[in-house]
């Protein structure tokens with residue numbers, strides 16, 4: 001297992017955001033994390049990337065416990081995070097954004113640059129343009145490309161399709177698949193359950209901070225409860 | 001009189017319909033209020049004399065003229081906004097475009113330095129004092145605050161606290177305080193202690209508070225500035241209390257066969273200050289273009305994104321805070337040992353705000369802007385003092401400064417000499433993309 005969470009509990013003051021969450025992601029997998037707003041999906045990602053400290057439980061990455069490692073060191077370990085809402089640097093050019101993504105690579109990052117430009121040709125065209133002037137879909141591409149610059153082994157996606165035109169959502173999901181095919185493991189948080197389940201190998205369903213279902217994606221796609229709650233079908 | 005009244009009435013009437021007329025009324029009223037506020041004061045026997053004395057004095061005409069001019073400027077900006085803006089930009093970036101070449105720029109900096117070295121030799125003693133106490137010190141303070149506010153985007157409203165800490169630690173190490181140091185140093189050797197103490201307190205204050213963002217940090221630093229001043233006033237046994245500290249010795253150096261004593265002549269202080277200003281400029285400009293500077297830019301633009309790029313956000317924020325604090329601490333040391341006397345009243349919150357104003361006026365994030373902005377805004381009131389215009393009075397200084405600031409914010413919000421990046425940030429912010437200033441930075445809660 002590349003990533004493993006064991007009985008993780010996270011609190012925001014008196015609120016228990018995650019209770020007894022255990023999940024695992026294997027090398028080369030795409031794993032989706034589904035759930036309603038406030039179910040704890042983003043909190044799970046934030047716990048993995050060190051932005052939030054669990055009160056109990058452990059997070060193992062590549063066999064090492066990382067639940068006490070500060071977030072900037074988590075990046076250095078090989079976990080990239082594409083934050084919710086894209087969060088590109090609006091006043092830096094596309095190229096400068098990518099350079100910031102490679103901040104931890106003190107030396108040469110031209111190889112990574114070639115790689116992300118071949119994944120996202122549109123970014124190569126706009127390398128001199130300010131990030132803030134890109135369209136929403138292009139900004140999402142930039143956010144993904146930036147996180148790839150640190151050569152992560154595991155990439156965490158937080159709502160990559162949020163606020164994007166349907167056409168772009170397709171492109172983004174296609175790109176996520178390509179990134180996995182190039183060898184990066186992916187943990188994906190997504191509102192768009194149908195798309196996510198079609199993309200993922202396995203999925204977990206979170207409700208009120210607890211994992212209530214875990215199975216192969218194609219199995220969950222057929223599950224009446226999932227279909228009712230997340231795929232917008234009437235009560236089954 | 002009735003003619004005046006009927007004109008006023010018709011102006012107000014047309015103001016209902018036309019935005020132009022409304023602006024005209026606003027400009028004129030504003031300037032007339034300014035005229036009354038800066039005019040003579042009333043007295044017990046003639047309470048309205050202040051009012052009539054300013055309204056019916058030829059001086060009011062000057063204010064009306066300024067109001068009309070302001071109205072003209074605003075109207076012109078509305079009508080030919082884009083063209084004016086372009087001209088304005090062209091004018092302001094002229095120096096930058098004229099010296100894209102590194103060598104040309106170096107020559108210009110050398111020329112500026114030569115002016116800075118030679119000017120004080122040709123002015124009288126009064127101006128030499130102003131050059132140190134009012135201009136030099138504030139230029140240094142602005143350069144330091146520019147690192148905090150302009151580079152890292154941290155809104156520090158208690159910057160003067162570190163100036164106070166530098167001054168009081170100089171007083172401590174030279175034995176001028178009621179409490180005595182382990183060994184009494186002369187003020188020159190107190191420099192590293194003043195800088196070190198200020199830097200340490202910057203780290204101590206920064207470590208817990210810099211986890212906060214935007215507005216929260218501003219409030220905490222504002223409180224810290226107040227606390228330092230109150231502690232200096234009330235901790236009598238240690239700081240000498242509200243009476244202040246007298247007899248802080250002048251610096252004196254005896255090193256490698258060089259022996260020099262600073263006395264009351266302002267010039268030697270000026271040159272000591274100049275050395276530190278130039279050193280700070282070189283060091284900070286180097287930092288700006290290093291990895292550290294890039295991390296600061298990232299933090300300023302989006303803290304969450306900076307964090308997910310693997311930047312140790314807290315470390316770089318504390319670093320910026322500590323650099324600013326130590327700069328302020330040195331300024332405090334120099335001023336304390338030059339004047340020989342400090343009191344808690346020297347370290348008011350207004351001064352923190354003033355230095356912030358200098359930085360914003362000059363152009364946040366721009367070293368040249370901080371220097372020129374601070375030098376100009378600190379020189380201007382003293383110039384007015386020597387060459388009184390329109391019945392200028394000292395106590396009205398902040399009214400004029402306020403007016404200058406309002407004008408700057410309307411016509412040149414990015415400051416006098418903005419850094420190239422900051423300029424872009426303001427350009428984008430105008431189109432509703434992103435935020436351009438430390439104040440509105442990312443204030444969303446962490447979870």
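The angle separating the long axis of helix B:266-288 from the principal Cα axis of greatest extent in chain B is about 90 degrees. Considering only the Cα atoms of region A:139-234, their convex hull presents on average a projected area of 6.8 nm². By the beta-carbon count within 10 Å of each Cβ, the least crowded to most crowded order of B:315, A:64, fewest first, is A:64, B:315. Over all pairs of different C-alpha atoms, region A:16-78 has a mean inverse distance whose reciprocal, the Kirkwood radius, equals 12.6 Å. Mean-square fluctuations from a GNM of chain B, with a 10 angstrom spring cutoff on Cα atoms, peak among B:321, B:361, B:376 at B:376. With a 10 Å cut-off around each Cβ of A:84-90, the average count of Cβ atoms from other chains is 6. If you wrap the Cα atoms of chain B in a convex hull and average its projected area over all directions, you get 27.5 nm². The calculated P(r) of region A:87-211, using every Cα pair and 10 Å bins from 0, goes 12, 44, 33, 10, 1 in percent. Taking every DSSP helix (H) stretch of at least 4 residues in chain B, weighting each as -39,500 (n - 2.57) and dividing the sum by the residue count yields a mean residue ellipticity at 222 nm of -22000 deg cm²/dmol. The mean sequence distance of close C-alpha pairs (under 8 Å, at least 6 residues apart), as a share of the length of chain B, puts its relative contact order at 22 percent.
The residues B:113, A:188, when put in order of fewest to most other Cβ atoms within 10 Å, stand as B:113, A:188. Each pair of Cα atoms in the protein assembly as shown enters the Kirkwood radius, and Stokes-Einstein at 25 °C and 0.890 mPa s then converts it into a translational diffusion coefficient of 85 µm²/s. Between B:69, B:158, B:202, which gets the highest mean-square fluctuation from a Gaussian network model of chain B, Cα cutoff 10 Å? Judging by the Gaussian network model, the answer is B:69. For chain B, the longest principal axis of the alpha carbon atoms and the long axis of helix B:291-301 meet at an angle near 40°.
Of B:275, B:372, B:107, which has the largest mean-square fluctuation in a 10 Å C-alpha GNM of chain B? Result: B:107 has the largest fluctuation of those listed.
Note on region A:1-155: Cα-only Rg and Dmax are 16.7, 49 Å.
Please say if region B:159-308 is rounded, prolate or oblate, where rounded means a/c under 1.5 for a ≥ b ≥ c the square roots of the C-alpha gyration tensor eigenvalues, and otherwise the choice is prolate for a/b larger than b/c and oblate otherwise?
In terms of gyration-tensor shape, oblate.
The alpha carbon gyration tensor of region A:38-122 gives principal lengths a ≥ b ≥ c with a/c of 1.5 or higher and a/b greater than b/c, which makes the shape prolate. The residues A:207, A:111, A:29, B:335, when put in order of fewest to most other Cβ atoms within 10 Å, stand as A:111, A:207, A:29, B:335.
Relative to the longest principal axis of the Cα atoms of chain A, helix A:110-119 runs at roughly 70 degrees.
Values in this text are rule-based calculations from the coordinates and carry no lab data. The structure presented is a predicted model; accordingly, all values stated were derived computationally and were not measured. As a convention, Cβ positions derive from the backbone with ideal geometry for all residues, glycine included, and neighbour counts pool all protein chains shown.
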